[in-house]
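Please read the structure below before turning to the comments.
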Amino acid sequence: MTTATTVIIGGGHAGGEAALALRQGGYTGRIMLISAESSLPYQRPPLSKAYLTTEIEPDKLLIRAAANFAKAEVELVLGHSVSEIDRSARSLRLDDGTEIHWSNLVLATGSRARHLALPDPLAVEPSNLFYLRSLEDAQRLKGALLPGGRLLVIGGGFIGLEVASAAIALGLSVTVVEAQHRLLARVTAPEVSAFYESLHRSRGVQVLTGARIERFELNDDGNQLSGVTLTDGQHLEADIVLAGIGAVPQIELAEQAGLDLDDGVLVNEFCQTSDPTIYAIGDCSRHFNPVYGRRLRLESVPNAVDQARTAAHSINGVAKAYEPVPWFWSDQYEVKLQMVGLSEGYDRVVLRGDPADGSFVAFYFTRGCLIAADCINRSSEFALAKRLVQARLAEDAAGVLADPTSSLKDLL
Ligand code: FAD
């Protein structure tokens, strides 16, 4: 009898967690973890935060030590990418031609940074243009963030704003260019955007919203960006440019394998793709979320970890449906944002506390139910906010939420 083999493609947060969760759940077959990166699975969140401003050894970023993978008998194939999947033969091919057979496959291929559409002809990618996805990207960026430098951040989302805050701490001058009319427009209310805009301005960041880039300028050697010109004619000079303009799911393998896709690999509540022997987890997958009644592709560590566990349970024959209320966090300066739920489509926002005090919660309602909360420097209330969102608190409680002297616990 051949041994059951689960092969996990992608050694990021989701892939690493899936390998360990499978063994923890009693899987007795072979577990292989194949990753294009040469490092063991590591955490990406610090790469735009503490890693840039402090000395952190790369092994401190690992999600689990090598010994844990060895103990769980996870066979690691690092520094190799999978180039092809053959579903009918249940095999895959590595970039060096090696063929590997599987009984279950887990796609954990993550996402990659979206790149700027730079004009032709640029013979080479400018050496001072940065994207931030991997440890290698962070190491390069960290080396370039020198005191006195001028950093231009393209994109006022989480990664751009976190790098802006790190760069300020490192003594650079920073400009953030955001095409939308406010920062974090896709994910927060205007009140929260306004708080972040004023926070960054108060630390010296030049924040330009509703700003579109007309032209990229190169230095005389043609190998570095020297600045940009905006559509309103404003010229911005830069020594370093960081583009934080979103991420793109890595679904090429799933596409080649003929799996169902929709800006992500489509999965059911057990993280199974349209081929029930193949699972997809983390940033590369899109699931139907019963709480929000629509398909979601989430880019967050909690999602990567929970989907990894869901797939592992399912492969181990104890299927548990994945029905999450998403959550996320961001650190900028000394301000911690913790978000639960998705606020998109909200029809009412209720503030608890005053943004001017640097600590407040924004609660979001849709059609009479609480759907999300952003806690700004309110870690003590985050766990309760999570439970209130999970419970879909009715809007009649809005008055209590808005009263900072009331207890959130009493609403549960
Ligand atoms: P990834 O971490 O992208 O891992 C995918 C892996 O698969 C990569 O190693 C890739 O090289 C490999 N791979 C891809 N294709 C192949 C192939 N064909 N063969 C072999 N290997 C392959 N989330 C939060 O919740 N909070 C935060 O504060 C936060 N901050 C972040 C800051 C930064 C700078 C970044 C980049 C992300 C941040 N995130 C944060 C998002 C979070 O890190 C991701 O959601 C999470 O890493 C997703 O894990 P994943 O395993 O799905 O994908």
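Could you look through the range 78-95, keep only residues that are among the charged types (D, E, K, R) and within 15 Å of the ligand (Cβ to nearest atom), and pick out the one that is nearest to Glu252 (Cα to Cα)? Here the residue is Glu84.
Only residues that are within 15 Å of Arg182 (Cβ to Cβ), of a type in the set (Gly, Ala, Ser) and in contact with a strand residue (DSSP E or B) (Cβ under 7 Å, 6 or more places away or on another chain): list them for the range 143-163, please.
Answer for the range 143-163, where residues must be within 15 Å of Arg182 (Cβ to Cβ), of a type in the set (Gly, Ala, Ser) and in contact with a strand residue (DSSP E or B) (Cβ under 7 Å, 6 or more places away or on another chain): Gly155, Gly156, Gly160.
Among the residues of the range 271-294, the ones that are part of a loop (DSSP other than H, G, I, E, B) and touching a Ser or Thr at 6+ places or on another chain (Cβ under 6 Å) come to 1 in all.
How about the range 295-354: which of its residues are of a type in the set (S, T, N, Q), more than 28 Å from Gly26 (Cβ to Cβ) and outside any loop (DSSP other than H, G, I, E, B)? Ser330, Gln332, Gln338 - these are the residues of the range 295-354 that are of a type in the set (S, T, N, Q), more than 28 Å from Gly26 (Cβ to Cβ) and outside any loop (DSSP other than H, G, I, E, B).
Return the total of residues in the range 131-155 being outside any strand (DSSP E or B) and away from the ligand (no atom under 15 Å from the Cβ).
Step one: of the range 131-155, the residues outside any strand (DSSP E or B) are 131-149, 155.
Subsequent filtering for residues that are away from the ligand (no atom under 15 Å from the Cβ) retains 143-144, 146-149.
Qualifying residue count for the region: 6.
Would you please name the residue that is surrounded by the fewest Cβ atoms within 10 Å (Cβ to Cβ), looking only at residues in the range 67-95 that are over 28 Å from the mean Cα position of the chain (by Cα) and at positive phi? Out of the qualifying residues, it is Glu73. Here Asn316 meets the list (1) surrounded by fewer than 16 Cβ atoms within 10 Å (Cβ to Cβ); (2) away from the ligand (no atom under 12 Å from the Cβ) almost entirely, failing just condition (1). In the range 297-308, the residues that are modelled with pLDDT of 95 or more and among the charged types (D, E, K, R) reach residues that are within 8 Å of the ligand (Cβ to nearest atom) and in a helix (DSSP H, G or I) with C-beta atoms within less than 6 angstrom, at least six apart or across chains, in these pairs: Glu299/Asp283.
Thr98 fulfils the conditions (1) of a type in the set (S, T, N, Q); (2) away from the ligand (no atom under 16 Å from the Cβ); (3) under 24 Å from Tyr27 (Cβ atoms); (4) surrounded by fewer than 13 Cβ atoms within 10 Å (Cβ to Cβ) except for a single criterion, (2).
One residue stands out in the range 10-49 among those that are within 27 Å of Ile159 (Cβ to Cβ) and without any contact (Cβ under 8 Å) to a residue 40 or more places away in the chain: the one that is surrounded by the fewest Cβ atoms within 10 Å (Cβ to Cβ), namely Pro46.
Looking only at residues in the range 393-412 that are in a loop (DSSP other than H, G, I, E, B) and at pLDDT 95 or above, which one is farthest from the chain's Cα centre (by Cα)?
Asp403
Give me the residue from the range 246-289 that is charged (D, E, K, R) and more than 10 Å from the ligand (Cβ to nearest atom) and, out of that set, farthest from Ser300 (Cα to Cα).
Within the range 246-289, the subset charged (D, E, K, R) is 252, 255, 260, 262-263, 269, 275, 283, 286.
Those left that are additionally more than 10 Å from the ligand (Cβ to nearest atom): 255, 260, 262-263, 269, 275, 286.
Details: Glu255: 23, Asp260: 22, Asp262: 19, Asp263: 16, Glu269: 17, Asp275: 25, Arg286: 13 Å.
Residue satisfying both the conditions and the ranking: Asp275.
Residues that are near the ligand (Cβ under 10 Å from one of its atoms) and in a strand (DSSP E or B) within the range 10-65 comprise Leu33, Ile34, Ser35, Tyr42, listed in sequence order.
If you take the residues in the range 334-346 that are of a type outside the set (D, E, K, R) and surrounded by fewer than 18 Cβ atoms within 10 Å (Cβ to Cβ), which one is nearest to the ligand (Cβ to nearest atom)? If you could, list the steps in order and put the result at the bottom.
The initial filter retains those residues of the range 334-346 that are of a type outside the set (D, E, K, R), namely 335, 337-343, 345-346.
Those still in the list that are surrounded by fewer than 18 Cβ atoms within 10 Å (Cβ to Cβ) too: 335, 345.
Numbers: Val335: 13, Gly345: 21 Å.
So the residue we want is Val335.
Scan the range 166-210 for residues that are touching a His at 6+ places or on another chain (Cβ under 6 Å) and surrounded by 14 or more Cβ atoms within 10 Å (Cβ to Cβ) and jot them down. Val207, Thr209, listed by residue number.
The values are calculated or read from the model by the stated rules, or taken from the named source; none is laboratory data. Just so it is clear, the model here is predicted, and its values are computed rather than measured. We place every Cβ from the backbone using ideal geometry, glycine too, and count neighbours over all the protein chains shown.
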